[in-house]
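K.L.:
Handing you a structure now.
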Amino acid sequence: MNSTTKNVFPAIPLKSLSPVLLLGLFLAISSSGRAQQLPVDTATNTAAAPAPGADLTQAQLVDTLTKMGAVVKTEGDAPDGAVTSIIFTYTHTPHLTPGGNTAPPYPVTDDLAHQISKLPKVTALEFNMSPDLTEAAIKDIGGMTQLEHLSLNGMRLNDASMTDLAGLSNLNYLRLSGASGITDTGWATLENFKQLQTLWVAETKFGDVAAQHLKPLTQLKDMTFYGTPVTDAGADVLLGLPNLVSVRCGPHMTPAEVAKLKAALPNCRFWR
């Protein structure tokens, strides 16, 4: 027994102690020795976090996005497969993300959007309810010409944003709900997206003039107008879109207009 132990546990006649007390004394001495001999090496248990702005590996990027609440898919669902889909789900129900934060909103930054834009096989991207993204991120997204599915629901978009997205000619799904900064000038960009099958412009200033830019979108199947100023005059454009199967009507479309559209497009469901 060393000198430290002698100071803590003075000599006591062992015969005078009960077996229970002897056991407690033995355990106390053992614990004291281990505490002195086995310091905790915290350095080996702490993963180094990437510096802000540093390029992330795919594994680091996927981990970061997942902790923020994104659903990330890879080719063949393989951990090391190329990333093909990144979805920040649109929802009004707050939930706890794997990183321990409450979302939405999602704390996606321009830097993360820039790094995502370098992933060549991402064909589906949803930055819903990500208010921290700026026009710099939209420019990066506009360079992802392989995109087929894009949702920027609830983002602060404007006519410049639409110009930045003009090159995404492979889109078949586009959701721009809540983009109140887009005017008739910006909506003209829709004519570039001739492969579109689904288009959401809910809660925007999409009106009768903007509706004229739907004419080239003959592949369109699903159209959502709710919360827009489109009237019967603009809705008549739908008569030239024979593949429509679902239209969520705007509040300014009259019952007579809806009835006319139903007669002309019997395979399409019109609802509010």
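The values are calculated or read from the model by the stated rules, or taken from the named source; none is laboratory data. Not measured: the values here are computed from a predicted model. Here the Cβ positions follow ideal geometry from the backbone for every residue, glycine too, while neighbour counts run over all protein chains shown.
K.L.:
Name the one entry in 174, 168 that is over 16 Å from the mean Cα position of the chain (by Cα), in contact (Cβ under 8 Å) with a residue 12 or more places away in the chain and surrounded by 14 or more Cβ atoms within 10 Å (Cβ to Cβ).
P.N.:
Being over 16 Å from the mean Cα position of the chain (by Cα), in contact (Cβ under 8 Å) with a residue 12 or more places away in the chain and surrounded by 14 or more Cβ atoms within 10 Å (Cβ to Cβ) holds for just one of 174, 168, which is 168.
K.L.:
Could you pull out the residue among 181, 186, 154, 234 that is crowded, with 16+ Cβ neighbours inside 10 Å and modelled with pLDDT under 95?
P.N.:
Residue meeting the stated conditions: 154.
K.L.:
If you don't mind, there's one more thing I want to ask. Looking only at segment 84-98, count every residue that is over 14 Å from the mean Cα position of the chain (by Cα) and within 19 Å of residue 56 (Cα to Cα) and tell me the total.
P.N.:
The qualifying residues number 0.
K.L.:
Same structure, new question: Is it fair to say residue 210 is crowded, with 22+ Cβ neighbours inside 10 Å and more than 18 Å from the chain's Cα centre (by Cα)?
P.N.:
Yes.
K.L.:
Another question, then. When you look at residue 220, is it closer than 26 Å to residue 131 by Cα, buried (at least 16 other Cβ atoms within 10 Å of the Cβ) and among the aliphatic types (A, V, I, L, M), yes or no?
P.N.:
no
K.L.:
Next question, about the same structure. Look through 115, 60 and report the one residue that is without any contact (Cβ under 8 Å) to a residue 24 or more places away in the chain, assigned to a helix (DSSP H, G or I) and in the same structural domain as residue 176 (by TED's automatic domain parsing).
P.N.:
Selected residue: 60, the only one of 115, 60 that is without any contact (Cβ under 8 Å) to a residue 24 or more places away in the chain, assigned to a helix (DSSP H, G or I) and in the same structural domain as residue 176 (by TED's automatic domain parsing).
K.L.:
Can you give me the number of residues within segment 66-112 that are over 19 Å from residue 156 (Cα atoms), touching a strand residue (DSSP E or B) at 6+ places or on another chain (Cβ under 9 Å) and outside any loop (DSSP other than H, G, I, E, B)?
P.N.:
Qualifying residue count for the region: 14.
K.L.:
Here is a further query. Check segment 215-231 and report whether any residue there is under 21 Å from residue 173 (Cα atoms) and more than 32 Å from the chain's Cα centre (by Cα).
P.N.:
No, every residue in segment 215-231 fails to be under 21 Å from residue 173 (Cα atoms) and more than 32 Å from the chain's Cα centre (by Cα).
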